[in-house]
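Written out below as structure tokens is the structure these notes cover.
The values are calculated or read from the model by the stated rules, or taken from the named source; none is laboratory data. Note that the coordinates shown come from a computational prediction; the quantities given were computed from them, not determined experimentally. Counting neighbours? That spans all protein chains shown, and the Cβs are built from the backbone with ideal geometry, glycine included. For the accessible areas, the whole protein counts, side chains as well, though only heavy atoms, and no ligand, DNA or RNA atoms are used. Shrake-Rupley method; radii C 1.70, N 1.55, O 1.52, S 1.80 Å.
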Amino acid sequence: SLLEARSEAERLRAEVQELRQRMIQSEFARQENVTLRRLLNYLEGARFPEDYDPVFVEVIGRSPGAFSQAITIAAGTDAGVRVEDPVITADGLVGIVTRVTGGTARVQLLTDPEAAVSAIDLRTGASGIVLHDRGTRETLVLDRVRKQDRIRRGDEIVTAGWRAGGLSSFYPKGIPIGEVTSVG
């Protein structure tokens, strides 16, 4: 048991050292990115979460339909909620506001068969579309990924947040969507 504890301690020390190195490299890359963006007068869209003001609400209703995946939240225009606002939890993206009144809003969940969001794999940068898996009620799939892009179990998927001309996606870039649990 003592030998196992020493071995585990050594492994953890090595892991801490590796994580420190990654943190230093990440901070260097972040600072370099800030400098280059400033030098280039780089223009970008809204960033999550910096450019958004959160509204903390309670879910007060669920859609009764067998196929519709929607909830009603206890905040509306009176609280600054607007149609097409993204809805998130501490775990990540939930859906998008589709209707709003003064005191409530309807949220289409990402698990709704009609919902989809452009997304990227943080590890590889591979892009695709997250949408409802037609075979289940709650499973999401990352679809339309190029065949040469290699997605792996455990990869983190986030919103892509694109802009083209006068058009842009509903979701800003960088909202966590989920983790890849299987690859087909």
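Filtered by the rule that a residue be surrounded by fewer than 18 Cβ atoms within 10 Å (Cβ to Cβ), within 12 Å of the chain's Cα centre (by Cα) and among the small types (Gly, Ala, Ser), the range 72-122 gives 90, 92, 118.
Residues in the range 125-138 that are of a type outside the set (D, E, K, R) and open to solvent by less than 60 Å² (accessible area, probe 1.4 Å) were compared, and the one that is modelled with the lowest pLDDT is 136. Annotation: of all residues in the range 148-184 being touching a Phe, Trp or Tyr at 6+ places or on another chain (Cβ under 8 Å) and in a strand (DSSP E or B), the one that is surrounded by the most Cβ atoms within 10 Å (Cβ to Cβ) is 159.
Of the residues 85, 53, 91, 78, the single one that is within 28 Å of residue 168 (Cβ to Cβ), acidic (Asp, Glu) and at pLDDT below 85 is 53. Is there a residue in the range 139-147 that is closer than 21 Å to residue 48 by Cβ and surrounded by 13 or more Cβ atoms within 10 Å (Cβ to Cβ)? Yes: the range 139-147 contains one or more residues that are closer than 21 Å to residue 48 by Cβ and surrounded by 13 or more Cβ atoms within 10 Å (Cβ to Cβ). Restricting the range 60-99 to residues that are touching an Asp or Glu at 6+ places or on another chain (Cβ under 6 Å) and free of Cβ contacts under 8 Å to residues at least 40 places away in the same chain leaves a set whose member that is nearest to residue 160 (Cα to Cα) is 97. Scanning the range 35-59 for residues that are open to solvent by 70 Å² or more (accessible area, probe 1.4 Å) and aliphatic (A, V, I, L, M) gives 36, 39, 40, 43.
State whether one or more residues within the range 61-70 are modelled with pLDDT of 90 or more, surrounded by 11 or more Cβ atoms within 10 Å (Cβ to Cβ), of a type outside the set (Asp, Glu) and within 22 Å of residue 158 (Cα to Cα). Step through it out loud before you land on a result.
To start, the set of residues in the range 61-70 that are modelled with pLDDT of 90 or more comprises 70.
Among the residues that remain, those that are also surrounded by 11 or more Cβ atoms within 10 Å (Cβ to Cβ) are: 70.
Narrowing further to those that are of a type outside the set (Asp, Glu): 70.
Now restrict to residues that are within 22 Å of residue 158 (Cα to Cα): 70.
Checking the range 61-70: at least one residue is modelled with pLDDT of 90 or more, surrounded by 11 or more Cβ atoms within 10 Å (Cβ to Cβ), of a type outside the set (Asp, Glu) and within 22 Å of residue 158 (Cα to Cα).
Could you tell me whether the range 107-126 includes any residue that is closer than 23 Å to residue 50 by Cα and either in contact with a Cys (Cβ under 8 Å, 6 or more places away or on another chain) or among the charged types (D, E, K, R) (or both)? Yes, some residue in the range 107-126 is closer than 23 Å to residue 50 by Cα and either in contact with a Cys (Cβ under 8 Å, 6 or more places away or on another chain) or among the charged types (D, E, K, R) (or both).
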